[in-house]
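Have a look at the structure below, then the notes.
Rule-based calculations on the coordinates, nothing more; no lab input. A quick note: this is a predicted structure, and the numbers were derived from the prediction, not measured. Heads up, the Cβs are rebuilt from the backbone with ideal geometry, glycines too, and the neighbour counts pull from every protein chain shown.
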Ligand code: 5GP
């Protein structure tokens, strides 16, 4: 897949407020936050969408959730709660085609996340 904005963030070609990094993943604040806390956890491996996850990526995807949970504990909102979601393709609202886990927190979050009728 071709480079996206997020590959450029991984490579420090564009700036971002990075809050965590390890050999497999990066976490940084969302530029357009939808909650008092909103950051993204991404794999360094450029996977475009959930549909492109392969069997060999099992541990990597689990790792993204472990990072999200660890950061939630360290940042102090794990007990109050949060949402960790991935959007997929246009109907899911995906705009950047490099897999990312949204972590939203800091207030009670509405559900369902859409307002229109089925
Ligand atoms: P999606 O809509 O694909 O699920 O989420 C993409 C997210 O990336 C959006 O919440 C958007 O605000 C965020 N985003 C897009 N471009 C940038 C950027 O250049 N820097 C950062 N930090 N976030 C970005």
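Points worth noting:
- Taken along the Cα-to-beta-carbon direction at a fixed 7 Å, the label points for residue 66 and residue 31 span 3.1 nm.
- Extended-chain gain in nm, criterion 0.36 nm per residue less alpha-carbon gap, residue 54 and residue 84: 8.8 nm
- Mean Cα-pair separation over length for the stretch 53-118, i.e. relative contact order, pairs under 8 Å, 6 or more apart, %: 28 percent
- Relative contact order of the chain, defined on C-alpha pairs under 8 angstrom at six or more residues apart (%): 29 percent
- MRE, 222 nm, helices only [DSSP H, n ≥ 4, -39500 (n - 2.57), over the chain, to nearest 500]: -7000 deg cm²/dmol
- Per residue convex hull volume, Cα atoms of the chain, in Å³: 120 Å³
- Model label sites at residue 109 and residue 45, defined 7 Å from Cα along the beta-carbon direction, differ in position by 2.5 nm.
- Ranked list, fewest to most other Cβ atoms within 10 Å of each Cβ, for 12, 83: 12, 83
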